[in-house]
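Below is one structure, written out as structure tokens; the observations come after it.
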Amino acid sequence: MMMKKFSVFMLALLIFAALSPAVVSGMDLEITGGLGNISFDRDRASPLGDNDKTKTTSFKPNLFPFGVAKVSGEAGNSFNYNAGYERDPILGNMVFGNIGANLNFISLEAGPVIGLFNAGEKVNPGFSLAVGLEFPGIFFARLKAGASLGNILSDSDDYSHKSGGISAGFWVPFAVCSINMETKSRANMKNAYLLIEDSLERYYFRAQVYTKNVPYTIQVDFGFESLSRSYASESIDATPALVRKTKTDEYKAIFLGLEASYTIFPGLKAILGARMPLYSWSVRPMQNPSKDTLLFSAHTGIIWTLMQ
């Protein structure tokens, strides 16, 4: 209960700072939502891939709504902020708040990231940190990481989360290109004898294409991703002895993502995007998705500039 009050207080404090005209020189409101089916069933407690071939089945898509609602902007010439809520297929429901500083060519950002309503009433507090290096018009790099605090899982419904990413890019005429890597994982104690962990690794090239005096931009992603779920179980055999087993389902894909943004009028931008696998496969013993399975992720949203 105390941690829940703390998370609400931190988010309210950051939003209050964002709404203060005396401090804020710019603020954007972003609301994005979507639907995808490239995820494992949250309620499943046994692997799709099994050593017993009679129990082995193929990867099955599971619809999962996701989205982001956040405010972000600048506070003075050297400081920035962002705070809000995110629902993610791997991390679940998260609230976050970050304050950053721009120091010449170096930027720093840090703040709390808290899991809410992912396992009953349990709250999962964490912290995130990001550091960036940028030479405008030439080169940029960014490193970010986040994790829950205290990852000891002992009781049913205990869970922990962690995420990270690296990107490096450069400017070319009418485009910003970058190479990116990102990871996400969440471990959940299903019961005293079963620990389930969902993980995502993604490696991709991104090109953001723009033209001066044109109200739209195009973003193209192309890369590889690996989605996995491990089941770590404990049982007592006839000896009796404690037997520990870990079985993993893993889905891999080469994917293509497209996103377009359009400036409806100054201060309001609309976003529409989708991502689909060009070729996908499963790691045995889990079988490949059936040929008629449609796997996708699609989203839409707006970015509204409230203060300038």
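The values are calculated or read from the model by the stated rules, or taken from the named source; none is laboratory data. Nothing here was measured: the structure is a model prediction, and the numbers come from that model. All Cβ positions, even for glycine, are placed from backbone atoms using ideal geometry, and neighbour counts span all protein chains on display.
Below is a table of values for the structure above.
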{"item": "Any hit, the stretch 130-150, residues being within 24 Å of E234 (Cα to Cα) and crowded, with 17+ Cβ neighbours inside 10 Å", "result": "no"}
{"item": "Among (1) more than 24 Å from K252 (Cβ to Cβ); (2) modelled with pLDDT of 85 or more, the one test that F64 misses", "result": "(1)"}
{"item": "Condition check for K190: without any contact (Cβ under 8 Å) to a residue 24 or more places away in the chain and over 21 Å from I166 (Cα atoms)", "result": "no"}
{"item": "Test result for F59, modelled with pLDDT of 85 or more, in contact with a Pro (Cβ under 7 Å, 6 or more places away or on another chain) and surrounded by 19 or more Cβ atoms within 10 Å (Cβ to Cβ)", "result": "yes"}
{"item": "Matching residues, the stretch 67-90, being over 14 Å from I31 (Cβ atoms) and part of a strand (DSSP E or B)", "result": "G73, E74, A75, F79, N80, Y81, D88"}
{"item": "Contacts under 9 angstrom Cβ, first residue in the stretch 66-77 being among the β-branched types (V, I, T), partner at pLDDT below 90, 6 or more apart", "result": "V71/L14; V71/I15; V71/A18; V71/L19; V71/M27; V71/L306"}
{"item": "Given (1) at negative phi; (2) outside any strand (DSSP E or B); (3) surrounded by 14 or more Cβ atoms within 10 Å (Cβ to Cβ), number of the condition D155 does not satisfy", "result": "(3)"}
{"item": "Candidates G120, G111, filtered to the one that is over 22 Å from K70 (Cα atoms) and touching a residue at least 24 places away in the same chain (Cβ under 8 Å)", "result": "G120"}
{"item": "Qualifying residue in the stretch 143-162 (condition: within 13 Å of the chain's Cα centre (by Cα), in contact (Cβ under 8 Å) with a residue 12 or more places away in the chain and closer than 24 Å to A45 by Cβ)", "result": "yes"}
{"item": "Test: residue in the stretch 115-124 that is closer than 27 Å to K269 by Cβ, more than 15 Å from the chain's Cα centre (by Cα) and surrounded by fewer than 18 Cβ atoms within 10 Å (Cβ to Cβ)", "result": "no"}
{"item": "Only one of N118, N93 that is closer than 21 Å to E182 by Cβ and assigned to a loop (DSSP other than H, G, I, E, B)", "result": "N118"}
{"item": "Evaluation of E201 against (1) charged (D, E, K, R); (2) surrounded by 16 or more Cβ atoms within 10 Å (Cβ to Cβ); (3) under 16 Å from K252 (Cβ atoms) (one fails), failing number", "result": "(2)"}
{"item": "Unique match (being charged (D, E, K, R) and either closer than 23 Å to P89 by Cα or modelled with pLDDT of 90 or more (or both)) among K245, K252, K291", "result": "K252"}
